[in-house]
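The structure under discussion appears below in the form of structure tokens.
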Amino acid sequence: MSDKVNEQELVTVISDKTKVDPKLILLVLKHEQTFINNAKADAKGEVDIDNDDLVDYVTSQRDVKLDELTVETILDAEMDYLMDKGLAGYVD
């Protein structure tokens with residue numbers, strides 16, 4: 001996660017929006033970061049992350065006991081936060 005992101009603020013915002021325990025949110029974000037770090041960059045050096053693949057990866061982790069919809073809701077709330085801060089966006 002970027003140094004520009006206040007992790008505590010991010011988790012609080014996601015928790016307020018999703019009503020999910022902050023510890024579970026941190027767990028999802030940890031696995032998300034691992035997935036992103038292991039993603040392969042294309043010729044331009046860009047990494048394309050498929051949200052479905054990411055959700056499948058996170059829910060397949062042994063220590064994650066959340067359903068797909070909850071994980072997707074957490075990741076969507078994170079993306080909303082990052083877009084509001086101008087730190088992320090979707091590529092068409």
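The values are calculated or read from the model by the stated rules, or taken from the named source; none is laboratory data. The model shown is predicted, which means the values in this text are computed figures rather than measured ones. Methodologically, a virtual Cβ is constructed for each residue, glycine included, from the backbone with ideal geometry; neighbour enumeration extends over all protein chains shown.
ASP67 meets all of the listed conditions (1) touching a Ser or Thr at 6+ places or on another chain (Cβ under 8 Å); (2) closer than 18 Å to THR12 by Cα but one, namely (2).
A single entry from LYS4, LYS40 fulfils the requirement of being surrounded by fewer than 18 Cβ atoms within 10 Å (Cβ to Cβ), without any contact (Cβ under 8 Å) to a residue 40 or more places away in the chain and part of a loop (DSSP other than H, G, I, E, B): LYS40.
When you check ASN51 against the structure, is it surrounded by fewer than 16 Cβ atoms within 10 Å (Cβ to Cβ), without any contact (Cβ under 8 Å) to a residue 60 or more places away in the chain and within 10 Å of the chain's Cα centre (by Cα), yes or no? So ASN51 fits the description; yes. The listed residues are GLU46, GLU72, and the only one of them that is modelled with pLDDT of 95 or more and acidic (Asp, Glu) turns out to be GLU72.
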